[in-house]
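To start, the structure itself, in C-alpha cells.
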Amino acid sequence: MDYDLYYLCWLKRQKDALNPERVDPGNENMWTSGFVFDKGEGVVGLETDYGILRIKLLPDCAPHSVAYILELLALPHCIGCQIYRAESRGSFWDAQGNHIKKAKFGPPFALIQGTLESHEFMFKDIPKEHCPAIKRGSVAWVGSGPEFFISLANHKEWRDQYTVFGYVLSKDMEILEKISQLPTKSDVWSNIAVSILENPVILRFRRIHT
C-alpha cells in the first residue's frame, strides 16, 4: 500500500469529532481512519495563563497534523508544550495583519512560536501537507514539527513554505497580541535576530464544547 495514502484519513462522520473512532484498513477501506467536522466542530482549546486560544482545525488539508493534535488532546497533560518566542507586528504590519507598503518584513516577525512536543507522547515527524497560505491567526508547523508558530500577520512572502493545520478564532487574537508584548530577551538564530520570552508560556489542551 502507498505510504502516503496509508496514513491519510478516511473522511467519515463521527459521533465525537474530537475523539474519532479508528477503522482498521482492509479490502473495503482505502483509508486507515478519519473524521470530518460539522460547522462549529473541530475546535480545540489551547489554554494559557492569559486566556484560552480556540483553534479551528483543518483536517481536510492537514489530516496527519490534526491526528497528532487529537492525540495530544487525549492526554491528561501536555508536559513540555509551551510558547518560548514572541514577536509583535512592530511597525511593519497593521492591526488587520496587512503588510505596510515599503516596510521591512522583520524583525520583529509578527509571530508566536513554541513547541507541541509532550514528554508523555513520542513525536514522529509530520509530512508536509497542502494547506492555505500563512495569514493572521494561522497555526503552522516549523518544518516537520513539533515546533510550531501562530502568525500575527499575513505573511504572503512565505508562500507555501509551512504546513498550516488550523487557525485561531478572531475573537481570541487579542490573547496572542498580549503574549507578544511580554518581556523578552534578544537572541540570534542562524544570523537572524529573535525575541525569546523571559518566562515561557505553558500550554494545555482543552476540549471546547459548542
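Look at the range 43-59: where a residue is of a type in the set (V, I, T) and a partner is loosely packed, with under 15 Cβ neighbours inside 10 Å and not in a strand (DSSP E or B), sitting 6+ places away or on another chain with Cβ atoms under 8 Å, you get V43/L169; V43/T210; I55/L169. Taking each residue of the range 170-186 that is farther than 18 Å from L57 by Cα and looking for partners that are of a type in the set (D, E) with beta-carbon atoms closer than 9 Å, six or more apart or interchain, yields S180/E87; L182/E198; P183/E198; T184/E87; T184/E198; K185/E198.
Does N154 satisfy the condition of being modelled with pLDDT of 95 or more and touching a Lys or Arg at 6+ places or on another chain (Cβ under 8 Å)? Judged against the criteria, N154 is a match. Might you check whether a residue that is touching a helix residue (DSSP H, G or I) at 6+ places or on another chain (Cβ under 8 Å), within 20 Å of V201 (Cβ to Cβ) and in contact (Cβ under 8 Å) with a residue 24 or more places away in the chain occurs anywhere in the range 88-105? Yes, the range 88-105 contains a residue that is touching a helix residue (DSSP H, G or I) at 6+ places or on another chain (Cβ under 8 Å), within 20 Å of V201 (Cβ to Cβ) and in contact (Cβ under 8 Å) with a residue 24 or more places away in the chain. Among the residues of the range 176-210, the ones that are under 23 Å from L75 (Cβ atoms), touching a Leu at 6+ places or on another chain (Cβ under 6 Å) and at pLDDT 95 or above come to 1 in all. Residues that are buried (at least 21 other Cβ atoms within 10 Å of the Cβ), within 12 Å of C61 (Cβ to Cβ) and over 12 Å from the mean Cα position of the chain (by Cα) within the range 141-169 are absent altogether. Being surrounded by 15 or more Cβ atoms within 10 Å (Cβ to Cβ), farther than 21 Å from L46 by Cα and of a type in the set (V, I, T) is a condition met by at least one residue of the range 191-203.
The values are calculated or read from the model by the stated rules, or taken from the named source; none is laboratory data. Since the model is a prediction, treat every value here as computed from it, not as a measurement. Note that each Cβ is placed from the backbone with ideal geometry, even for glycine, and that neighbours are counted across all protein chains shown.
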